[in-house]
Amino acid sequence: MRLTEDRHYLVTENMGLVSKYANKMAMANRDAALDYEDFFSAGCMGLIHAAARFDTTSELQFSTYATRCIIGQIKRHKNKVSQIYVPVLVKETAAAITKDGLDIDGTSIKDMAARYGVTIKRIKDALHFIDSNVYSADAPITFDDETTLLDTLGTPDIDPTVPLVEEFIETLKPREQQIVKGLLDDMTMREIGVYLGVSFQRIGAQIKDIRMKWLDYERKSNEVSYG
């Protein structure tokens, strides 16, 4: 990605942000397969993308926008690598639990193991997978769909201050707005479900509804722009 001189300056002047958040992630994940250098490299990509896309006429400070992009890129890289180390059988069990809409909080692990014919450890691993940051704004909305919520809203580094995205969020129902805000604040679907008093499966279904609404909203906006 080639940057103009003024945008290259934005990168060089904000490398400290990359170092700061790469170090934070490395300190918080000492036992992970990734280290500081991995997070730093990912953060640099986030900063470069931020510099390339930043609207210089915006009242938003570049450092604020860049921070979101850097953290988002680092987390996506971590999530992508983390998923590699999740056994396929664990993912399949998690997918089955999700598809069945099982009441996780109201069903014992022993009963779940009997239902799916797997070990208690497999169920525990599957539940951990479900409750992990796999269900974040940076990760696939469903087990069989690679589209993320960030992709759904049109940019890999979603910025709610972008006019079209901001306008779209305002068209959502109050609960849908709370869901989007929760995901952007790095809450898992289960955490959002607990906060709103509904199951995480219900939250997943509403995310799909939000996705379809966005695609329709974006299409209509393009028709107005080019019509």
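With a Förster radius of 45 Å, plug the Cβ-Cβ distance of Asn23 and Arg115 into 1/(1 + (r/R0)^6) and report the FRET value to the nearest 0.05. Intermediate results must be reported in sequence, preceding the final value.
On the way: r = 44 Å, r/R0 = 0.98.
Given R0 = 45 Å and the Cβ-Cβ separation, E is 0.55.
Report the extension gain between Glu13 and Lys181 in nm, rounded to one decimal, defined as 0.36 nm multiplied by the number of residues separating them, less their alpha carbon distance. Each step should come with its number before you reach the end.
Details: separation 168, 0.36 × 168 = 60.48 nm, distance 2.99 nm.
That pair, Glu13 and Lys181, stretches by 57.5 nm at full extension.
Peptides 50-56, 104-110 ranked from most to least packed by the mean count of surrounding Cβ atoms within 10 Å: 50-56, 104-110. Normalised by 2.2 N^0.38 Å, where N counts its residues, the alpha-carbon radius of gyration of the stretch 1-83 equals 1.10.
Over all pairs of different C-alpha atoms, the stretch 86-132 has a mean inverse distance whose reciprocal, the Kirkwood radius, equals 10.3 Å.
Taken together, the values in this text are just the output of simple stated rules run on the coordinates, not laboratory data. In this text the structure is predicted, and so the values were computed from the model without any measurement. With ideal geometry, Cβ positions are generated from the backbone for all residues, glycine too; neighbour counts draw on all protein chains shown.
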